[in-house]
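A short worksheet on the structure shown next.
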Ligand SMILES: Nc1ncnc2c1ncn2[C@@H]1O[C@H](COP(=O)(O)OP(=O)(O)O)[C@@H](O)[C@H]1O
Ligand SMILES: [Mg+2]
C-alpha cells in the first residue's frame, strides 16, 4: 500500500502540474510573463469554496472555478495587451496585489485572514473523494485532461500563431493576424485551468486563506516552468515532480516544520536564480528568447 | 494603386517624413531611394500602420487606409519585408511560411477541433516558395539556425506568400553576398513578370537602376525627384543628395 504521505505528495504534484502547465502556456508559448497567474488560482479556490459552502455540488463548483477564473483572465488581457516585457510583468503583478487585497479585505465574502474552513471533500454523482487515494485519482484525471488539452492547443495551427507571437508579435500582425484576440484566448484558457487547480486545492486542504495566494506561492511555479524549459510541456511535468519532491528530504532529516516552510521558499528562489544564470533554457527548453 | 498625399511624421523635432506625396503604379517595380535617414522606412511604417501619421493621407486601391490597424491594412492586401530580420526564430522555415498563408489559424475552435493536418494545398504553396528561394532542404530547420542570407530569403518568401496585391520590401539585399543579390534580383524580376506591384527600398543605386521601372528619391522626408531610372541617373539634385551624405 502506498503510504498516506506519498499520496499527499502525489496530489500536490498533480495540482502543481496544472498550475505549471497553464503558466507554461502563457509564458513559454506566448511569452506572457504573467505574475497574475496566482490570482486566478485564488479566484478558482475561493469561487469553488464559497459555492461548496453554499451546498453546491462539486462538479458545479470546479467548473465555476474554471469559468470565473477565465472571465478574470479575459478581463486582465484587455488593459495589458499592448504592454511588453517588464511593463507587462509589472501590470500583472499589480493585478495580483489587487486580488490579494480584495481577498484579504472583503471579509463579508471571504472572511479575510480568518479564511474559509470546512470546505467539503468532493462527491461527484454519489462517488466520494474524501478518501485521499480517490482524491489522487481525481487530481490525476483532471491533470491529465488539462495536459492533453493544452498539448493539443500548442501543437495546433492556433498554437503555432501563439508561438509566433512570442517570437515577434509585430511580425504576426503584419501577416494580418489579430494578436489581441489570440492573447485574449490564451489568458482565458490559462486562467481556466489554474482556476480548476485552485478548486482542487481548496477541496483537498478543506481550508483556504489569503496566505496561500501570495507572490511567494508563485515562485515555485515560475521555477518549475523555467527549469522545465520554456515551450516544453513534458519538461514542465518532469520539473513539477522533481521540485515538489526536492525539499522533502529536509523533513526526513528531522528539520522542524517551522524551518521547512521558509527553507522550501529559499530553495525554490535559489534554484530559480541558478537556472537563470547557468541554464536559462531549462532542461527541455526549445525556446531561445532575445 | 498606392497614393500618398502630404504625409507627415515628426519624431520630437526630427522631420522624418515631411509633406511627402507620391503615387505607385500597378504592375511595376518602384524604388524608393535616398540617403540614410531620409525617411524611407518611416514611410513604410506609416503605410503598414505601425506608425500613426501626424498629417496626410494614404490611399490604397481607392480606400483611405490612413491610421487603420496593422492587421486591417495587411488584410486589405499589403505585404511587407522589414529592414531588420523579423522571422519567428523558434519555429521552422515551413511554419514561418504556413503562418503567412491565411488567418484560419487564429480561429480557436476550428483549429482545436480539426483533426486533419495542415492541408496539402497549403503545404504545396510553401514548397513552391522553398523551391523559388532554392532552400528545399531547409523546411524543417529552425529559423534561428539559418545564416543571415538564408534568413533574408525566407523572409522574402514569407512576404511573397502572405496574400497581397502590393508588396513592400525594405532593403532586401542590404548586407547579402553579391551572388545572393543576383538571386534576389531574379526573384523580383520574376514577380514583376507575374504582374506584381512592388515598392522597393534600396540604397544601392546600381541594383535599383537595374530592376526598377520608376524611382522616387526621398531626402529629409521629402520627394526631391521622381521618374524613370534614366531620368534620375543624371539629376543633379539626386547626385548632390547622395554625394553630400
Ligand atoms: N521610432 C522612431 N523614433 C524616433 N526617431 C525615429 C524613429 N524612426 C525613425 N526615426 C528617425 O527618423 C529619420 C528617418 O528614419 P528612417 O525612416 O529609418 O530612414 P531611412 O529608412 O530612410 O534610412 C531618422 O532621423 C531616424 O533617426
Ligand atoms: Mg531604413
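Annotations
- For region B:77-112, a residue qualifies if it is more than 17 Å from residue B:148 (Cα to Cα), more than 8 Å from chain A (Cβ to nearest Cβ) and in a loop (DSSP other than H, G, I, E, B), and the qualifying residues are B:77, B:102.
- In region A:129-151, the residue that is farthest from the other protein chains (Cβ to nearest Cβ) out of those that are modelled with pLDDT of 95 or more and surrounded by fewer than 18 Cβ atoms within 10 Å (Cβ to Cβ) is A:140.
- Selection count where residues are surrounded by fewer than 19 Cβ atoms within 10 Å (Cβ to Cβ), farther than 25 Å from residue B:94 by Cβ and away from ligand 1 (no atom under 16 Å from the Cβ), scope region B:166-184: 3
- Residues that are in contact with a helix residue (DSSP H, G or I) (Cβ under 9 Å, 6 or more places away or on another chain), at pLDDT below 85 and exposed (fewer than 14 other Cβ atoms within 10 Å of the Cβ) within region B:212-238 comprise just one, B:233.
- Selected residue (only one of B:60, B:44 is surrounded by 20 or more Cβ atoms within 10 Å (Cβ to Cβ), away from ligand 2 (no atom under 16 Å from the Cβ) and either closer than 21 Å to residue A:174 by Cα or within 14 Å of chain A (Cβ to nearest Cβ) (or both)): B:60
- Close pairs from region B:25-50: first touching a residue at least 12 places away in the same chain (Cβ under 8 Å), partner assigned to a loop (DSSP other than H, G, I, E, B) and within 11 Å of ligand 2 (Cβ to nearest atom), Cβ under 7 Å, at least 6 apart: B:31/B:202; B:33/B:202; B:40/B:34; B:41/B:83
- Counting the residues of region B:185-211 that are surrounded by fewer than 16 Cβ atoms within 10 Å (Cβ to Cβ), outside any helix (DSSP H, G or I) and away from ligand 2 (no atom under 16 Å from the Cβ) gives 2.
- Of the residues making up region B:50-74, those that are more than 16 Å from residue B:199 (Cα to Cα) and in a loop (DSSP other than H, G, I, E, B) are B:50, B:51, B:52, B:53, B:54, B:62, B:65, B:66, B:67, B:68, B:69.
- Residues of region B:36-49 satisfying the condition of being part of a helix (DSSP H, G or I) and within 11 Å of ligand 1 (Cβ to nearest atom): B:40, B:41, B:42, B:43, B:44, B:45, B:46
- Residue within region A:113-128 that is in contact (Cβ under 8 Å) with a residue 40 or more places away in the chain and assigned to a helix (DSSP H, G or I) present: yes
The values are calculated or read from the model by the stated rules, or taken from the named source; none is laboratory data. Remember, it's a predicted structure, so these values are computed and weren't measured experimentally. Cβ atoms come from the backbone with ideal geometry, glycine included; neighbour counts cover every protein chain shown.
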